[in-house]
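Peer 1: Structure incoming, see below.
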Amino acid sequence: MKPWLRWVLLVGGALLAAALIGAGVLAWLVLRLDVRGEVERAVEAGTGRDAVISGDVGVSYWPVLGLRAHDVTLANVPGGRAASFITAGEIDIGVEIRPLFDRRVVVRRLVLQRPQIALEVDQQGRPNWALQARRPEGQPAPQPSEPAVDVARTRLREVRISNGEVSFFDARTASGWVIGDVDLRTGFDGLDQPMRVQGGLRYADKPIRLDLTLGRPGAAMRGELTPLSLSIETELLEAEFQGQTIAGSGEIAGNVRASGPSLRQLAAWMGSPIQGGVGFEQFAVSGRLQIGGGAYTFSNAGFVLDLVRGRGDFVLSERQNRPYLSGRLELFDFDLNPYLTGVAPAQAPAAQIAAAAEAPGERTLTAEAATAPEAPRAVDVRVAASDTPIDFSGLKAFDADLELATHAVLVQRTQIDSAHANLVLNNGYLAATLHNIALYGGSGRGRFEIDAREEQTRIVQDMAFSGLDARRFLTDTVNYGNIEGRAELSLNIRTVGRTQSDFIEALDGRTHVEVVSGTLHGVDLGGVSTTIRNALRGELIAPEARTPFQGFSATFAISNGVLATDDLSFNTTDLRIPGIGLIDVPNRRLDMRLAPRSPRGGVVVPFSVRGPFGRFEYASDIRDRAQREILGRVRAVEAARSGD
């Protein structure tokens, strides 16, 4: 036999013999000790709770060399919801051998097999995991500054939990959760030394990888502030946290970075599903976070949701079993139409989402072209109204009370440059007060409501705009670009329905419009009014025809989607043209009678403009036939509107 092989066998044999001797000595010492009583007394002294070992106690050779106890329980606090704070099918205790000769048990390693840990907070906010050492009779109570557990004697090189279950119940909110498949490992040299916990667990059928460092676990057990570092990784969330915690109350505060592929799925997984609508998918947030009292409070936070970028101070919580968002937000350029059309918004690469949360004010997001079609206008003079139901279920996704400052926003075809708003959202009811709206070179303000709580949705608007570029504004809002100039517009309207055609047919209210220093495209009204025969000449009614004007104004009563006015005024340098008219939006028809007057004299002819949108016919009305017919219908609309 080769010499080196002989030495290997000799050394191996010696080690094996030593292990067998050690195991034998350990077994002999255990038999000499009341190990069950020693362990129970040690646990009770350190925790202040009754500990019971109902099963066998013996020698353990694996996974640790030491003691093994079966069916172990640690009592809960008096009045606790669960019968026991901790139960374990098996506990393996690695002990130091030398103290056993003195009939003492010194634990160096602890393995809990199949434990069940019940964490609770009572109505007064007191946790059941704050342990208090049991004092011998006659010993004075410790001063408030003294630790409840002897930190100097609490050292464990390794602690492992295998196949465990942890539950939590908060009596203040009557809510809780359960996690399973808990496999964690840790160790500490003292309860005032950092303790790192690593491993995995399962919550709501999804695995979670966990890496946690607690700066002073003893302080955490006493309900004191202690540093906390936390990393969580699941298929729905990646998060990093650096801060501090008061473990007794479950409160934490510090800096967080978190991101995930779907906020909608994450909310459902956490028990607060987002109802209805589309989007709420990719997300990221970065900022200061405080968790306490069932609320997640973000300060100076940047965030991205789908392609919406923003920053602010806000609180995420739960109210009446629904997600609730409150606070102040600044939103950067975004397209609201995917949420209006019900077609999911485009998504950006995950890396860009996370980076954009760090600097939300910068244009760092790119995405494939949106799959959503352009949102239909609320009213389109060139297209018949749709009978397709409009989905307002997104208003039930969450509740909110927000102060908003927005940059550029696209709503249907309307482009808003910036706005400030106060917004309240409650289970399908939206109320918004808007201030300092900047759009189309002008400004606006007002209030609107959308109530989608019933089968038919109710909409109310009270808005006022001034200084608008009339041609751009009307092109984008109603698809009519024949008027240019500076416009002022007020809207006080309400409607109810399920489809675009419903809303148009039920439209009721009043509106006023004024346009100054502009041009009417498509017709030369001066030429038409001089002699109605000129209306048949192509150059007077054609895309290139124009009527410059000094001012145009009208106030319309609205009932059942029909706009009626008896104070229309259209003034050019040569003519003053008062008129009356009806705009029947549901039937897409115009009936108007104009009576030009010339301050310079000359013959002008009153005339009517009537017909479907885009196919108007001009005729003289010297006998006032159109005047009488149209005025009667105008009065009927005004009566119907004022009779509400």
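The values are calculated or read from the model by the stated rules, or taken from the named source; none is laboratory data. Treat the numbers as computed from the prediction; the structure is a model and nothing was measured. Every residue, glycine as well, gets a Cβ built from its backbone with ideal geometry; the counts of neighbours run over all protein chains shown. Accessible surface is based on the protein model in full, side chains and every heavy atom, while ligands, DNA and RNA are left aside. Shrake-Rupley method; radii C 1.70, N 1.55, O 1.52, S 1.80 Å.
Peer 1: Among the residues of region 95-122, which ones are on the phi < 0 side of the Ramachandran plot, at pLDDT 75 or above and in a strand (DSSP E or B)?
Peer 2: Residues of region 95-122 on the phi < 0 side of the Ramachandran plot: 95-102, 104-113, 115-122.
Those left that are additionally at pLDDT 75 or above: 109-113, 115-122.
Of everything in region 95-122, those that are on the phi < 0 side of the Ramachandran plot, at pLDDT 75 or above and in a strand (DSSP E or B) turn out to be 109, 110, 111, 112, 113, 115, 116, 117, 118, 119, 120, 121.
Peer 1: Let me ask something additional. Any chance you could count how many residues in region 459-492 are more than 30 Å from residue 548 (Cβ to Cβ) and surrounded by fewer than 17 Cβ atoms within 10 Å (Cβ to Cβ)? Show your work before the answer.
Peer 2: So the first thing to find is which residues in region 459-492 are more than 30 Å from residue 548 (Cβ to Cβ), and the list is 459-462, 492.
Among the residues that remain, those that are also surrounded by fewer than 17 Cβ atoms within 10 Å (Cβ to Cβ) are: 460, 462, 492.
The total comes to 3.
Peer 1: Another question about this same structure. I'm checking my understanding of the structure. Among residues of region 565-583 that are open to solvent by 20 Å² or more (accessible area, probe 1.4 Å) and either under 23 Å from residue 641 (Cβ atoms) or of a type in the set (S, T, N, Q) (or both), which one is nearest to the chain's Cα centre (by Cα)?
Peer 2: Out of the qualifying residues, it is 583.
Peer 1: Restricting the first residue to region 398-414 and requiring it to be under 18 Å from residue 317 (Cβ atoms), which pairs with a second residue that is open to solvent by less than 50 Å² (accessible area, probe 1.4 Å) and part of a loop (DSSP other than H, G, I, E, B) meet a Cβ separation below 7 Å and a spacing of at least six or different chains?
Peer 2: Short answer, once both residue conditions are applied: 398/274.
Peer 1: Got at least one residue in region 500-516 being open to solvent by 40 Å² or more (accessible area, probe 1.4 Å), closer than 23 Å to residue 547 by Cβ and not charged (D, E, K, R)?
Peer 2: Step one: of region 500-516, the residues open to solvent by 40 Å² or more (accessible area, probe 1.4 Å) are 502, 505, 510, 512, 514, 516.
Subset that is closer than 23 Å to residue 547 by Cβ: 512, 514, 516.
Then keep just the ones that are not charged (D, E, K, R); that gives 512, 516.
Yes, because at least one residue in region 500-516 is open to solvent by 40 Å² or more (accessible area, probe 1.4 Å), closer than 23 Å to residue 547 by Cβ and not charged (D, E, K, R).
Peer 1: I'd like to verify a number: residues in region 614-636 that are within 53 Å of the chain's Cα centre (by Cα), open to solvent by 20 Å² or more (accessible area, probe 1.4 Å) and at pLDDT 90 or above, how many?
Peer 2: Final tally of qualifying residues: 5.
Peer 1: Tell me, yes or no, whether region 42-64 has at least one residue that is assigned to a helix (DSSP H, G or I), exposed (fewer than 12 other Cβ atoms within 10 Å of the Cβ) and at pLDDT below 80. Break it down into steps so the answer makes sense when it comes.
Peer 2: The initial filter retains those residues of region 42-64 that are assigned to a helix (DSSP H, G or I), namely 42-47.
After this cut, where a residue has to be exposed (fewer than 12 other Cβ atoms within 10 Å of the Cβ) as well, the list is none.
So far as region 42-64 goes, no, none of its residues is assigned to a helix (DSSP H, G or I), exposed (fewer than 12 other Cβ atoms within 10 Å of the Cβ) and at pLDDT below 80.
Peer 1: While we're on this one: So the check is Cβ under 6 Å with 6+ separation or different chains; which pairs have a first residue in region 213-228 that's farther than 13 Å from residue 252 by Cα and modelled with pLDDT of 75 or more and a second one that's assigned to a loop (DSSP other than H, G, I, E, B) and open to solvent by less than 50 Å² (accessible area, probe 1.4 Å)?
Peer 2: 217/191
Peer 1: In region 306-333, which residues are free of Cβ contacts under 8 Å to residues at least 60 places away in the same chain, over 23 Å from residue 269 (Cβ atoms) and either of a type in the set (Val, Ile, Thr) or open to solvent by 50 Å² or more (accessible area, probe 1.4 Å) (or both)?
Peer 2: The answer is 311, 313.
Peer 1: With 167, 162 as the choices, which residue is in contact with a strand residue (DSSP E or B) (Cβ under 8 Å, 6 or more places away or on another chain), under 30 Å from residue 320 (Cβ atoms), open to solvent by 30 Å² or more (accessible area, probe 1.4 Å) and modelled with pLDDT of 70 or more? Lay out the reasoning, then the answer.
Peer 2: Working: 162 fails: under 30 Å from residue 320 (Cβ atoms).
None of the other options fit; the residue is 167.
Peer 1: Now, a different point. Of the residues that sit in region 241-279 and are hydroxyl-bearing (Ser, Thr, Tyr) and closer than 27 Å to residue 167 by Cβ, which one is modelled with the highest pLDDT? Please lay out each step first, then the result.
Peer 2: Our first condition is that a residue be hydroxyl-bearing (Ser, Thr, Tyr); within region 241-279, this holds for 245, 249, 259, 262, 272.
Filter once more, keeping what is closer than 27 Å to residue 167 by Cβ: 245, 249, 262, 272.
Numbers: 245: 85, 249: 62, 262: 92, 272: 78.
Across region 241-279, the extreme among qualifying residues is 262.
Peer 1: Now for a separate question. Would region 292-303 turn up any residue that is touching a residue at least 24 places away in the same chain (Cβ under 8 Å), touching a helix residue (DSSP H, G or I) at 6+ places or on another chain (Cβ under 7 Å), crowded, with 18+ Cβ neighbours inside 10 Å and over 17 Å from residue 327 (Cβ atoms)?
Peer 2: Within region 292-303, not a single residue is touching a residue at least 24 places away in the same chain (Cβ under 8 Å), touching a helix residue (DSSP H, G or I) at 6+ places or on another chain (Cβ under 7 Å), crowded, with 18+ Cβ neighbours inside 10 Å and over 17 Å from residue 327 (Cβ atoms).
Peer 1: Condition (residue is modelled with pLDDT under 85 and part of a loop (DSSP other than H, G, I, E, B)) applied to region 151-159: is it met by at least one residue?
Peer 2: Scanning region 151-159, I find at least one residue that is modelled with pLDDT under 85 and part of a loop (DSSP other than H, G, I, E, B), so the answer is yes.
Peer 1: Mind checking which residues of region 560-613 are β-branched (Val, Ile, Thr), part of a loop (DSSP other than H, G, I, E, B) and modelled with pLDDT under 90? So that I can check it myself, show each step before the final result.
Peer 2: Start the filter on region 560-613 by keeping residues that are β-branched (Val, Ile, Thr), which leaves 562, 565, 572-573, 577, 580, 583, 585, 603-605, 609.
Now drop any that are not part of a loop (DSSP other than H, G, I, E, B), which leaves 572-573, 585, 603-605.
Matches in region 560-613: 572, 573, 603, 604, 605.
Peer 1: Residue 237: over 21 Å from the mean Cα position of the chain (by Cα) and among the hydrophobic types (A, V, I, L, M, F, W, C), yes or no? Walk me through it before giving the result.
Peer 2: Values: over 21 Å from the mean Cα position of the chain (by Cα): no; among the hydrophobic types (A, V, I, L, M, F, W, C): yes.
Spelling it out, it is not the case that residue 237 is over 21 Å from the mean Cα position of the chain (by Cα) and among the hydrophobic types (A, V, I, L, M, F, W, C).
Peer 1: Go through (1) open to solvent by 20 Å² or more (accessible area, probe 1.4 Å); (2) modelled with pLDDT of 90 or more; (3) not charged (D, E, K, R) for residue 548 and report which single condition fails.
Peer 2: Here residue 548 meets the rest and fails (2).
Peer 1: Could you list, in sequence order, all residues of region 380-399 that are open to solvent by less than 60 Å² (accessible area, probe 1.4 Å), of a type in the set (Gly, Ala, Ser) and either in contact with a Phe, Trp or Tyr (Cβ under 7 Å, 6 or more places away or on another chain) or part of a loop (DSSP other than H, G, I, E, B) (or both)?
Peer 2: Going residue by residue through region 380-399, those that are open to solvent by less than 60 Å² (accessible area, probe 1.4 Å) are 380-381, 385-386, 392-395, 397-399.
Those still in the list that are of a type in the set (Gly, Ala, Ser) too: 385-386, 393-394, 397.
385, 386, 394, 397, listed by residue number.
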